[in-house]
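The values are calculated or read from the model by the stated rules, or taken from the named source; none is laboratory data. Just so we're clear, the structure is a prediction, and the values are computed from it rather than from any experiment. Here the Cβ is made from the backbone with ideal geometry for all residues, glycine too, and neighbour counts use every protein chain on show. To get the accessible areas, we keep the full protein, side chains included, count just its heavy atoms, and leave off ligands, DNA and RNA. Shrake-Rupley method; radii C 1.70, N 1.55, O 1.52, S 1.80 Å.
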Amino acid sequence: MEAVGIITEYNPFHNGHLHQLNVIKEKAPTACIVVVMSGNFLQRGEPACLDKWTRAKEALVNGVDLIIELPPQACIQPADRFAFNGVNGLASLGVDYLVFGAEHAEYDFMNYASQVQGLKGEFKKYNQSYAASIQAAITQALGHELAEPNDLLALAYAKANLKLGSPLKLQPIQRIQAGYHELALKAGQQIASASAIRSNYQQGRLAELRTYVPHETYADLSDNSLVFWDDFWPFLRYKLLTTTPKELANIYGMAEGIEYRLVQKANELAHGSSFDDWLHAVKTKRFTYTRLARLAVAMLLNLQTEDVTSYNEAPYFRLLGFTKRGQEYLNAKKKQFTYPLVTKVTQKDAKGPLAVDYRVGKLYQSLTGKEQDLKKAPLRIF
């Protein structure tokens with residue numbers, strides 16, 4: 001059975017994602033659509049607005065056949081490493097194609113990857129971030145700028161695929177109607193960015209979102225209180241106020257003594273300050289907002305460097321749900337899977353190999369009240 005893979009967050013699932021699935025079904029109507037999805041915390045350093053089970057259900061109801069969770073240790077990493085974990089996951093599941101949205105679907109990303117693989121930026125320039133440095137090096141190597149968010153992620157997928165020996169065929173799909181960072185809901189259109197959907201929800205404009213999301217997602221937006229960084233800010237601020245910089249040094253992604261600044265700025269904030277207030281206070285030219293937000297998630301989750309190292313050395317994935325076609329794919333391919341595919345979490349797992357997942361799930365559950373691990377069976381949408 002042929003399989004088409006997607007690496008995604010579905011934060012939340014919207015009409016742009018539905019468009020992507022419809023394009024895949026039109027081109028490969030008999031293929032099994034396999035999704036590797038980030039769990040309750042995301043690569044750019046933020047909590048998911050809805051829990052992983054709710055988002056998985058939205059995807060399965062709207063056309064995904066098999067949905068796998070990318071564990072938190074694999075998500076809270078820089079883009080290249082996040083992309084590698086996602087591509088590695090799809091390859092380990094025997095997927096044939098990787099489909100992704102891109103601002104320039106006509107680009108030959110595998111060719112670009114061969115030109116920039118192993119490229120390093122000039123990180124000795126202390127007046128710029130590593131991201132800006134590597135961006136300049138890529139522009140020089142390709143002869144033109146590659147700056148749009150989805151194009152950059154596509155390049156990261158291609159580099160990961162090349163590093164793994166090109167197990168996947170890459171197929172870009174043109175992103176339409178809404179840009180990645182656009183916050184406006186455009187009249188006459190049915191696609192808005194996930195950022196726009198979350199932003200308008202926060203502004204109390206729920207009814208206006210009905211046009212831009214499938215029925216299942218709209219019902220979830222109506223029935224749930226979405227989760228945002230400020231919901232977790234009291235937890236993080238408490239950690240910053242009660243932990244020394246030395247104790248934070250082993251948190252994943254900590255570098256160049258930034259832990260001293262993180263603690264200092266938390267102590268200087270006025271009463272009633274928000275997560276964004278703290279983020280702007282700690283910002284430097286050396287650290288991008290995204291990198292700082294990922295550091296904030298790592299501190300919130302107490303994600304140690306050794307947690308990530310252990311995952312990189314022994315990857316695993318979590319089965320969140322499947323349809324009839326997805327079940328057939330699992331039955332046909334499961335003996336060929338490269339890495340463990342976890343179907344349930346026991347108390348023993350929670351104290352052992354899945355301790356990080358369990359800890360992260362309990363933290364998210366503290367806001368939603370919904371169990372994330374124990375006694376949770378994969379969703380079946382038949």
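Of the numbered conditions (1) surrounded by 17 or more Cβ atoms within 10 Å (Cβ to Cβ); (2) assigned to a loop (DSSP other than H, G, I, E, B), LYS120 fails exactly one; give the number of that condition.
(1)
What pairs come up if the first residue lies in the range 169-197 and is in contact (Cβ under 8 Å) with a residue 24 or more places away in the chain and more than 16 Å from GLN20 (Cβ to Cβ), the second is open to solvent by less than 70 Å² (accessible area, probe 1.4 Å) and part of a loop (DSSP other than H, G, I, E, B), and their beta carbons are under 6 Å apart, counting only those six or more places apart or on different chains?
Partner pairs satisfying both residue conditions: LEU185/ALA192.
Okay, residues lined up against (1) touching a strand residue (DSSP E or B) at 6+ places or on another chain (Cβ under 9 Å); (2) open to solvent by less than 10 Å² (accessible area, probe 1.4 Å); (3) modelled with pLDDT of 95 or more:
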position	(1), (2), (3)
GLU9	yes, no, yes
ALA31	yes, yes, yes
GLY45	no, yes, yes
ALA59	yes, yes, yes
LEU70	yes, yes, yes
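Output the qualifying pairs, or none if there are none: Cβ atoms under 7 angstrom, residues six or more apart or on different chains, first residue in the range 320-334 and within 10 Å of MET1 (Cβ to Cβ), second residue of a type in the set (Gly, Ala, Ser) and buried (at least 17 other Cβ atoms within 10 Å of the Cβ).
TYR329/ALA3; LYS333/GLY94
Given (1) under 27 Å from GLU259 (Cα atoms); (2) part of a loop (DSSP other than H, G, I, E, B); (3) open to solvent by less than 30 Å² (accessible area, probe 1.4 Å), identify the lone condition not met by ASN302.
All conditions are met except number (3).
State whether one or more residues within the range 220-227 are out of contact with any Phe, Trp or Tyr (no Cβ under 7 Å at 6 or more places or on another chain) and farther than 30 Å from GLY63 by Cβ.
No, the range 220-227 contains no residue that is out of contact with any Phe, Trp or Tyr (no Cβ under 7 Å at 6 or more places or on another chain) and farther than 30 Å from GLY63 by Cβ.
Among helices (runs of 4 or more DSSP H) lying entirely in the range 309-382, which contain 2 or more residues that are among the polar types (S, T, N, Q) and at negative phi?
Once the helices (runs of 4 or more DSSP H) in the range 309-382 are filtered for at least 2 residues that are among the polar types (S, T, N, Q) and at negative phi, what remains is 324-333, 355-368.
Would you check if TYR238 is farther than 30 Å from TYR107 by Cα and not β-branched (Val, Ile, Thr)?
The answer is yes for TYR238.
When ARG198 is evaluated against the numbered criteria (1) more than 27 Å from GLY118 (Cβ to Cβ); (2) open to solvent by 60 Å² or more (accessible area, probe 1.4 Å); (3) not aliphatic (A, V, I, L, M); (4) not in a loop (DSSP other than H, G, I, E, B), which criterion, by number, is the only one it fails?
Of the numbered conditions (1) more than 27 Å from GLY118 (Cβ to Cβ); (2) open to solvent by 60 Å² or more (accessible area, probe 1.4 Å); (3) not aliphatic (A, V, I, L, M); (4) not in a loop (DSSP other than H, G, I, E, B), the odd one out for ARG198 is (2).
Output the qualifying pairs, or none if there are none: Cβ atoms under 6 angstrom, residues six or more apart or on different chains, first residue in the range 223-246 and within 26 Å of ALA196 (Cα to Cα) and open to solvent by 50 Å² or more (accessible area, probe 1.4 Å), second residue among the aliphatic types (A, V, I, L, M) and in a loop (DSSP other than H, G, I, E, B).
Filtered contacts from the range 223-246: no entries.
Return the total of residues in the range 135-167 being under 17 Å from HIS104 (Cβ atoms), part of a loop (DSSP other than H, G, I, E, B) and open to solvent by 30 Å² or more (accessible area, probe 1.4 Å).
Looking only at that region, the number is 5.
Which residues, counting only those in the range 305-351, are of a type in the set (A, V, I, L, M, F, W, C), in contact with a Pro (Cβ under 9 Å, 6 or more places away or on another chain) and over 29 Å from MET254 (Cβ atoms)?
Scanning the range 305-351 gives LEU319, LEU320, PHE322.
Looking only at the range 158-174, count every residue that is touching a Leu at 6+ places or on another chain (Cβ under 6 Å) and within 19 Å of THR290 (Cβ to Cβ) and tell me the total.
Residues meeting the conditions: 0.
Residues that are out of contact with any strand residue (DSSP E or B) (no Cβ under 9 Å at 6 or more places or on another chain), among the acidic types (Asp, Glu), in a loop (DSSP other than H, G, I, E, B) and loosely packed, with under 15 Cβ neighbours inside 10 Å: does the range 254-264 have at least one?
yes
Taking the condition crowded, with 16+ Cβ neighbours inside 10 Å, among the hydrophobic types (A, V, I, L, M, F, W, C), within 20 Å of the chain's Cα centre (by Cα) and assigned to a helix (DSSP H, G or I), does ALA178 pass?
It is false that ALA178 is crowded, with 16+ Cβ neighbours inside 10 Å, among the hydrophobic types (A, V, I, L, M, F, W, C), within 20 Å of the chain's Cα centre (by Cα) and assigned to a helix (DSSP H, G or I).
Hey, could you check the range 202-213 for residues that are surrounded by fewer than 19 Cβ atoms within 10 Å (Cβ to Cβ) and either closer than 22 Å to VAL64 by Cα or touching a residue at least 24 places away in the same chain (Cβ under 8 Å) (or both) and say which is nearest to the chain's Cα centre (by Cα)?
GLN202
Check whether at least one residue in the range 75-84 is of a type in the set (Asp, Glu), under 17 Å from the mean Cα position of the chain (by Cα) and surrounded by 15 or more Cβ atoms within 10 Å (Cβ to Cβ), and report yes or no.
Within the range 75-84, one or more residues are of a type in the set (Asp, Glu), under 17 Å from the mean Cα position of the chain (by Cα) and surrounded by 15 or more Cβ atoms within 10 Å (Cβ to Cβ).
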